[in-house]
Amino acid sequence: MNVHLSSAQQRGLIIIVAAGLVASGLALFLPETRTLSPALPDPIEITGVRILLPSFSDSQEKVNLNTASAQELTALPGIGDVLAARIVTYREEHGPFQTSDALKRVSGIGDKLLEKIQGLIELEN
């Protein structure tokens, strides 16, 4: 199952899990003064229950438009299976993307979506 959560949903889920851990007495979270983006590590097995513990890093790994598979492209917000397949097809027919604006030539991708994913993509060949 491939679930995509918005950053607001991710933060909400983290808060709910943290509140549950604090309320149960299992953990105490102290606020940190700097804001970092979440990155999920490998799950930890605890008596048959899998729990993803969030960790925080300063940068998020970017998706390479010229080498990513359709599956990898679906990690981008607003890019589902259909758009991912269109991106791969366009790349196969026209060659690698030279600029991020070239992505707008793919049917279904406009200025708003491009702006949403701009900081999450790269174009290395």
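The values are calculated or read from the model by the stated rules, or taken from the named source; none is laboratory data. Here the structure is a predicted model, which is why all the values come from computation and not from measurement. Glycine also receives a Cβ, built like all others from the backbone with ideal geometry; neighbour counts cover every protein chain displayed.
The figures follow:
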item: Flag if Ala8 is modelled with pLDDT of 70 or more, within 25 Å of Glu124 (Cα to Cα) and not polar (S, T, N, Q); result: no
item: The range 40-99: number of residues that are of a type in the set (S, T, N, Q), at pLDDT below 90 and more than 16 Å from the chain's Cα centre (by Cα); result: 1
item: Residues of the range 71-87 classified as surrounded by 18 or more Cβ atoms within 10 Å (Cβ to Cβ) and touching a helix residue (DSSP H, G or I) at 6+ places or on another chain (Cβ under 7 Å), total; result: 6
item: Residues within the range 102-125 that are closer than 24 Å to His4 by Cα and either hydroxyl-bearing (Ser, Thr, Tyr) or not in a loop (DSSP other than H, G, I, E, B) (or both), tallied; result: 15
item: All positions within the range 66-109 that are of a type in the set (D, E, K, R) and under 12 Å from Leu123 (Cα atoms); result: Arg91, Asp101
